[in-house]
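Notes follow the structure.
The values are calculated or read from the model by the stated rules, or taken from the named source; none is laboratory data. Just so we're clear, the structure is a prediction, and the values are computed from it rather than from any experiment. With ideal geometry, Cβ positions are generated from the backbone for all residues, glycine too; neighbour counts draw on all protein chains shown. Ligands, DNA and RNA are excluded from the accessible area calculation, which covers all protein heavy atoms including side chains. Shrake-Rupley method; radii C 1.70, N 1.55, O 1.52, S 1.80 Å.
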Amino acid sequence: MTIVVVGAGIIGTTIAYELQKRGRRVVLLDKGDVGGGASFGNMASIAVTEFMPASRPSIWRQIPGWLLDPEGPVRIRPGYMPKLVPWFARFVAASRPGKLRQLEAQGAALCKRVYDDLLPLLRETGLEGELTEEGCLSLYSNEAEFRADREHIDILERFDFPHQRLTGAQARELEPELSDGIGVAVLFPQNRSLRDPFRLVNSLARKFTSLGGEIRRGEVAGFEWSDRITAVRLVGGGHIAANEVMICAGAHSGLLSKMLGEPMPLETERGYHTQIMSPGISMRHSIIWPARAFMVTPTAGGIRVGGTVEMAGLDAAPDYRRAKVTVRRAQTALPNLRRENVSEWMGHRPAFPDTVPVMSASAKVPGLFYATGHGHLGVTYAATTARLMGDLITGVTPPVDMRPYRIDRF
C-alpha cells in the first residue's frame, strides 16, 4: 500500500519515517525543500510546559491593548482583520472555564508522552546528539512579574510537570550572561533544546529514504477520490497514485482540506527569528521572558532570538521590524549580546483557535488523514504525532484517546 504524506516539515517527515519503518510504501511530497518552512526557523525547543490554551481570558483580554502597540506581542495587520473574525469567535468560545480545562488536559496528555516517543526515535536513528541536556529558564524582573505568570505555574503543578523556582543570583550561576535586573527565574528542566532543528529534520529524511522511502517535489493541484482517496494531482500535470493520503502541510493544510470539501479553521501565526552567528556571548540554556514576549536559544551554531505573533495570512510580505524588536528586548536580559553576522527569517505556524492539533482520519473521505495545527509545538509534538498517527493508520490502538484531536470537532 502506498501512502502519500503531503508536507515535508518536521511533522510530515517524522510521520513518513514512522510509516516506512512499519512497512508502508511512503512518498513524502512537498513543493519546497525538506524542512524549509517552520521547521527551518523554529526556536529549537522541546517545550513540554507550553501546552496551555492561548484562548485563556488572561490572554485575550490583553489583545486590544497589544493591538494598539506596534511593538506588542501580538500584531494583526489591519487589512487582514476582517478575515480573522470567524477564527476569533471560535478563539473566544474556547475560553469558557470548562472548555479550558479540557484543552489543558488534551495538551498535557501529549506533552506527557513527548520523551517516551522522542528519545527512542533519536536512539534508533542515531541522532541522540541533536538533543541538549539543559532546560529552559523563564525570567522575571521581580515578584510582581512572577505572580502575573502564576497561572502558567499553577497549570504545570496541576499536571505534575517539574520546575524549580530560582533567585536571580541562582539563575546567573546557571547563565552568567543574564542581567542583574532578573530577580526571579523558573527552571523547566524538561524543556531541552535541539542543536539544529533544520539538520534534525533533514537527517530524519535521509533515514527515511535509507529505508526505501521516496521524496518528491511538487505542488498539490487537487485530489482524486470516489468511495476513498485514490491519487494526488500535481500542478503542471501528473499525479501520484495512493491508497492513503496524509495531510500535514502546516499552515497550508487548510487550503488542501478545502479541496477535499473538509474546511478547517486553521490560521497562520507568523513568527520571526534573528539568527546571530557572532553574538559575543555563549549560553547553555534557552531563556524566555513572558512579560517581554521573547525567547533566546543557543542553536544552529549561534544564538537564535524569536517571539511575538503576527496575524497577516499566508501571502503578505514579512515585516522584519518584528525581528528587530525581539532582539532589543533580548538585550535587556543579555546586555552583552551583540547583533553581528545575523540573518532574519519569517515563517508560518499553523494555529487552530483552541490551540490543540488535529490528528485524525478524515470525517468525509476514507483513506485520508490529517496531522496539522501544532502551533508553536511542532518540534515538541513531532515524535508523538508520528507514533499516534502510525498506530491509527496501521490499526493499532493508540496510547492516547484520539477523540479530542479529530477533524470534525469544530
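Look at (1) surrounded by fewer than 17 Cβ atoms within 10 Å (Cβ to Cβ); (2) of a type in the set (A, V, I, L, M); (3) in contact with a Cys (Cβ under 9 Å, 6 or more places away or on another chain) and you find that Val48 fails only one, number (1). Between Arg228, Arg270, the distinction of being in contact with a Pro (Cβ under 6 Å, 6 or more places away or on another chain) and not β-branched (Val, Ile, Thr) belongs to Arg228 only. Of the residues making up segment 70-98, just one is surrounded by fewer than 17 Cβ atoms within 10 Å (Cβ to Cβ) and of a type in the set (Ser, Thr, Tyr), namely Tyr80.
The residue list Leu200, Leu204 contains one member that is modelled with pLDDT of 95 or more and within 30 Å of Ala363 (Cβ to Cβ), which is Leu204.
Go through segment 325-354 residue by residue and tally those that are outside any loop (DSSP other than H, G, I, E, B), over 19 Å from the mean Cα position of the chain (by Cα) and farther than 23 Å from Asp180 by Cα. Total meeting the criteria: 2.
Would a scan of segment 152-171 turn up a residue that is assigned to a helix (DSSP H, G or I), closer than 27 Å to Asn336 by Cβ and either open to solvent by 10 Å² or more (accessible area, probe 1.4 Å) or charged (D, E, K, R) (or both)? Within segment 152-171, one or more residues are assigned to a helix (DSSP H, G or I), closer than 27 Å to Asn336 by Cβ and either open to solvent by 10 Å² or more (accessible area, probe 1.4 Å) or charged (D, E, K, R) (or both). Can you go through Pro366, Pro318 and tell me which one is part of a loop (DSSP other than H, G, I, E, B) and touching a Lys or Arg at 6+ places or on another chain (Cβ under 7 Å)? Result: Pro366 is the single residue among Pro366, Pro318 that is part of a loop (DSSP other than H, G, I, E, B) and touching a Lys or Arg at 6+ places or on another chain (Cβ under 7 Å).
Against the numbered list (1) open to solvent by less than 40 Å² (accessible area, probe 1.4 Å); (2) out of contact with any Ser or Thr (no Cβ under 8 Å at 6 or more places or on another chain); (3) in a loop (DSSP other than H, G, I, E, B); (4) not basic (Lys, Arg), Gly313 comes up short only at (2). Within segment 187-199, the set of residues being open to solvent by less than 10 Å² (accessible area, probe 1.4 Å) and farther than 12 Å from Ser286 by Cα comprises Pro197 only. Could you look through segment 374-410, keep only residues that are among the charged types (D, E, K, R) and under 19 Å from the mean Cα position of the chain (by Cα), and pick out the one that is surrounded by the fewest Cβ atoms within 10 Å (Cβ to Cβ)? Once the filter is applied, the top-ranked residue is Arg406.
May I ask you to list the residues in segment 207-243 that are of a type in the set (S, T, N, Q) and modelled with pLDDT of 95 or more?
Applying the first criterion (of a type in the set (S, T, N, Q)) to segment 207-243 yields 209-210, 226, 230, 243.
Those that are of a type in the set (S, T, N, Q) and modelled with pLDDT of 95 or more: Thr209, Ser210, Thr230, Asn243.
Screening Pro265 with (1) over 25 Å from Asp391 (Cβ atoms); (2) open to solvent by less than 20 Å² (accessible area, probe 1.4 Å); (3) within 18 Å of the chain's Cα centre (by Cα) gives one miss only, at (2).
Here is a list: Pro279, Pro353, Pro366. Which entry is of a type outside the set (A, V, I, L, M, F, W, C) and closer than 28 Å to Arg150 by Cα? Don't jump to the end; show me each part of the working.
Values: Pro279 fails: closer than 28 Å to Arg150 by Cα; Pro366 fails: closer than 28 Å to Arg150 by Cα.
From the options Pro279, Pro353, Pro366, the qualifying one is Pro353.
Among the criteria (1) of a type outside the set (Gly, Ala, Ser); (2) at pLDDT below 95; (3) in contact with a Gly (Cβ under 7 Å, 6 or more places away or on another chain), the one Asp149 does not fulfil is (3). Tell me, yes or no, whether segment 147-155 has at least one residue that is under 19 Å from Ser58 (Cβ atoms) and in contact with a Ser or Thr (Cβ under 7 Å, 6 or more places away or on another chain). Looking through segment 147-155, at least one residue is under 19 Å from Ser58 (Cβ atoms) and in contact with a Ser or Thr (Cβ under 7 Å, 6 or more places away or on another chain).
Taking the condition at pLDDT 95 or above, crowded, with 19+ Cβ neighbours inside 10 Å, more than 23 Å from the chain's Cα centre (by Cα) and not in a loop (DSSP other than H, G, I, E, B), does Ala108 pass? Step through it out loud before you land on a result.
Details: at pLDDT 95 or above: yes; crowded, with 19+ Cβ neighbours inside 10 Å: yes; more than 23 Å from the chain's Cα centre (by Cα): no; not in a loop (DSSP other than H, G, I, E, B): yes.
Criteria not met by Ala108.
Among the residues that make up segment 364-372, is at least one of them surrounded by fewer than 18 Cβ atoms within 10 Å (Cβ to Cβ) and not aromatic (Phe, Trp, Tyr)? Checked against the condition, which is being surrounded by fewer than 18 Cβ atoms within 10 Å (Cβ to Cβ) and not aromatic (Phe, Trp, Tyr), segment 364-372 yields at least one hit. Of the strands (runs of 3 or more DSSP E) lying entirely inside segment 201-308, those carrying at least 2 residues that are out of contact with any Ser or Thr (no Cβ under 7 Å at 6 or more places or on another chain) are 214-217, 220-225, 229-234, 239-241, 244-247, 267-276, 286-289. Of all residues in segment 111-144, those being more than 17 Å from the chain's Cα centre (by Cα) and open to solvent by 40 Å² or more (accessible area, probe 1.4 Å) number 13.
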